[in-house]
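Colleague: Please see the structure below; I have some questions.
The values are calculated or read from the model by the stated rules, or taken from the named source; none is laboratory data. Not measured: the values here are computed from a predicted model. Positions of Cβ are generated from backbone atoms using ideal geometry, with glycine treated the same way; all protein chains shown enter the neighbour counts. To get the accessible areas, we keep the full protein, side chains included, count just its heavy atoms, and leave off ligands, DNA and RNA. Shrake-Rupley method; radii C 1.70, N 1.55, O 1.52, S 1.80 Å.
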Amino acid sequence: MNTYRKAFGAIALSTTLLASPIGAVSEPVAIEIPSAEDSSAEQQGRIAYEEAIALADIWLDQIQQFERIPAISASIVVQDRTWASGYGTIDRAGRIPATADTIYSICSISKLFTAVAFMQQWEMGKVRLDEPVTTYLPWATLAEDERESVPITMRGLLTHSAGLPREAVNPYWTGPNFPFPSSDEVRDGISSQSPLYPASRTFQYSNLGITLVGETVAEVSGTPYDEYIATRILQPLGMENTQPFIQADQFGKEMAVGWSALNPDGTRSPVNLFDARGINPAAGFSSTVTDLAKFASWQLRLLKSGEANLLLASTLREMHRVHYLTPDRRTSWGLGFANFQINGREVVGHGGSCPGYRSQLLIDPANGAAIAVAMNAMESAGGIARRLGGLLAARLGANSFEQPKGGAVNLAEYAGFYDPAPW
């Protein structure tokens, strides 16, 4: 673990940089404006990265306080560098500090692992994308619908274009107990559910659809879903703090407790822990931003090297590209991955929103970068991740400048915190 201490005048701040592989602790270094003799692209890039991380660290700390988010953790991947940190506290008493290894519910980011598992089976020839789901799950037959429709295919499920209902038969997102169904209850109830739309007509986000993808993986592999995910994806990637279920035994210890959105008086209400049970393939994972950075880094390495690792690089590219585009051209989806643009850059990833938790994973394959944000409140993790990405892009994309004729300027004399009061 490499620790850099940046000195901006009298202001010193500490952040943690995780190298891959993780190395020994290094001596503190100071960021300095390079001289003309030390202005190589590599040196400039290192300085820009360290300054961007220093600013990100300050900004995230302030966001956590200003928005009264009990706990927030974030990780940033830029090429072969990974940084991660936590802010706030994770327990009800407000005593245990959040870290890069704090566990959160990541809710719908779970869908990405289910999609990877399915495409592993696709590479083995055990499933086809345009095959009806009933080929693999004969019980996954919805109620009769009089509207004309093409078959509900695996591609349709992965792109949320199959027209399925958003959820399984019984409501389960309402507290205080969040009565999620078991896998058997999902199976037993599906025959009474009607499609919302004919297949391939429109985008309809569906936890039920991705749950069926997870059931397909278990069926064709002959391995229980949670065991498959653990042995075929999480363990090979070294994601030691990620599970395909909620880690209830760590609630309030290593796992952050959940809180509501802000009440009118500025407080938050505690939210009971939920168990997604039969919906785990779509919304039940728990993880850390450090592990999500490993998941993103694996994808960036795979795309860069082209060497097969869990998947072929060509398969991952196929998952990232757009497979469904709504008629209004506003929503596009890959195979499990949301696919969109931010400031002209092609970005893939997924967000998560569950009772008491919000999260976001953004991956910029072309620039070898990724951001993961997780929190234990109902604020917008996606909004924070996008603003964080804009902050990084602004600094990392800045051009160097020429020294003034009067000689080098000691910018450290001007650096620090400025009070913007009363504005």
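Colleague: Just give me the residues in the stretch 46-57 being open to solvent by 30 Å² or more (accessible area, probe 1.4 Å) and in contact with a helix residue (DSSP H, G or I) (Cβ under 8 Å, 6 or more places away or on another chain), in sequence order. I'd like the intermediate steps shown before the answer.
Modeller: The first filter runs over the stretch 46-57 and keeps only residues open to solvent by 30 Å² or more (accessible area, probe 1.4 Å), leaving 46, 51, 55.
Matches in the stretch 46-57: E51, L55.
Colleague: For the stretch 307-325, does any single residue satisfy the condition of being at pLDDT 95 or above, surrounded by fewer than 23 Cβ atoms within 10 Å (Cβ to Cβ) and under 18 Å from A381 (Cα atoms)?
Modeller: no
Colleague: Step by step: first the residues of the stretch 226-241, then only those that are assigned to a helix (DSSP H, G or I) and open to solvent by less than 30 Å² (accessible area, probe 1.4 Å), then the one that is farthest from S287 (Cα to Cα). Which residue is that?
Modeller: Let us first name the residues in the stretch 226-241 that are assigned to a helix (DSSP H, G or I), namely 226-234.
Add one more test, that the residue is open to solvent by less than 30 Å² (accessible area, probe 1.4 Å), and what stays is 228-230, 233-234.
Values: Y228: 17, I229: 13, A230: 13, I233: 13, L234: 11 Å.
So, considering only residues that are assigned to a helix (DSSP H, G or I) and open to solvent by less than 30 Å² (accessible area, probe 1.4 Å), the one farthest from S287 (Cα to Cα) is Y228.
Colleague: If we only count strands (runs of 3 or more DSSP E) wholly inside the stretch 242-355, which ones have 2 or more residues that are of a type in the set (G, A, S) and in contact (Cβ under 8 Å) with a residue 24 or more places away in the chain? I'd like the intermediate steps shown before the answer.
Modeller: On the way: elements: 258-262, 268-271, 285-287, 338-342, 345-354.
The strands (runs of 3 or more DSSP E) meeting that bar are 258-262, 285-287, 345-354.
Colleague: Still on this structure, please answer the following. Check off (1) outside any loop (DSSP other than H, G, I, E, B); (2) on the phi < 0 side of the Ramachandran plot; (3) open to solvent by less than 30 Å² (accessible area, probe 1.4 Å) for T134 and give me the number that stays unchecked.
Modeller: Going through the list (1) outside any loop (DSSP other than H, G, I, E, B); (2) on the phi < 0 side of the Ramachandran plot; (3) open to solvent by less than 30 Å² (accessible area, probe 1.4 Å), T134 breaks only (3).
Colleague: Of all residues in the stretch 150-178 being open to solvent by less than 20 Å² (accessible area, probe 1.4 Å) and of a type outside the set (A, V, I, L, M, F, W, C), which is farthest from H323 (Cα to Cα)?
Modeller: Applying the filter and picking the extreme gives Y172.
Colleague: Now for a different question. Yes or no: P270 closer than 23 Å to D101 by Cα and open to solvent by 70 Å² or more (accessible area, probe 1.4 Å)?
Modeller: Yes, satisfied.
Colleague: Which one of S182, S194 is polar (S, T, N, Q) and farther than 22 Å from C354 by Cβ?
Modeller: Numbers: S182 fails: farther than 22 Å from C354 by Cβ.
Of the residues listed, the single one that is polar (S, T, N, Q) and farther than 22 Å from C354 by Cβ is S194.
Colleague: From the residues in the stretch 340-357 that are over 13 Å from the mean Cα position of the chain (by Cα) and of a type in the set (S, T, N, Q), which one is nearest to H160 (Cα to Cα)?
Modeller: Kept after step one, since they are over 13 Å from the mean Cα position of the chain (by Cα), are these residues of the stretch 340-357: 340-346, 354-356.
Going one step further and asking which of them are of a type in the set (S, T, N, Q), we end up with 341, 343.
Numbers: Q341: 19, N343: 25 Å.
Within the stretch 340-357, the match that is nearest to H160 (Cα to Cα) is Q341.
Colleague: May I pose another question? Go over the candidates P244, P281 one by one and state the one that is within 22 Å of T135 (Cα to Cα) and not aromatic (F, W, Y). Full working, then the answer.
Modeller: Values: P244 fails: within 22 Å of T135 (Cα to Cα).
One residue alone meets the criteria, P281.
Colleague: Sticking with this one: Looking only at the stretch 83-115, filter to residues that are open to solvent by 20 Å² or more (accessible area, probe 1.4 Å) and among the hydroxyl-bearing types (S, T, Y); which one of those is nearest to G266 (Cα to Cα)?
Modeller: Among residues in the stretch 83-115 that are open to solvent by 20 Å² or more (accessible area, probe 1.4 Å) and among the hydroxyl-bearing types (S, T, Y), the one nearest to G266 (Cα to Cα) is T89.
Colleague: Give the residues of the stretch 356-382 that are assigned to a strand (DSSP E or B), among the polar types (S, T, N, Q) and open to solvent by 10 Å² or more (accessible area, probe 1.4 Å), sorted by residue number. Steps first, answer last, please.
Modeller: Here is the first cut: in the stretch 356-382, the residues assigned to a strand (DSSP E or B) are 357-364, 369-375.
Then keep just the ones that are among the polar types (S, T, N, Q); that gives 359-360.
Across the stretch 356-382, the qualifying residue is only Q360.
Colleague: Can you name every residue in the stretch 383-398 that is open to solvent by 40 Å² or more (accessible area, probe 1.4 Å), under 30 Å from S305 (Cβ atoms) and either in a loop (DSSP other than H, G, I, E, B) or modelled with pLDDT of 95 or more (or both)?
Modeller: R386, G397, A398
Colleague: For the subset of the stretch 70-82 comprising residues that are hydrophobic (A, V, I, L, M, F, W, C) and buried (at least 24 other Cβ atoms within 10 Å of the Cβ), which member is farthest from A56 (Cα to Cα)? Spell out the reasoning first.
Modeller: Of all residues in the stretch 70-82, those hydrophobic (A, V, I, L, M, F, W, C) come to 71-72, 74, 76-78.
Retained after the next criterion (residues that are buried (at least 24 other Cβ atoms within 10 Å of the Cβ)): 71-72, 74, 76-77.
On the way: A71: 16, I72: 13, A74: 10, I76: 9, V77: 13 Å.
Filtering first and then ranking leaves A71.
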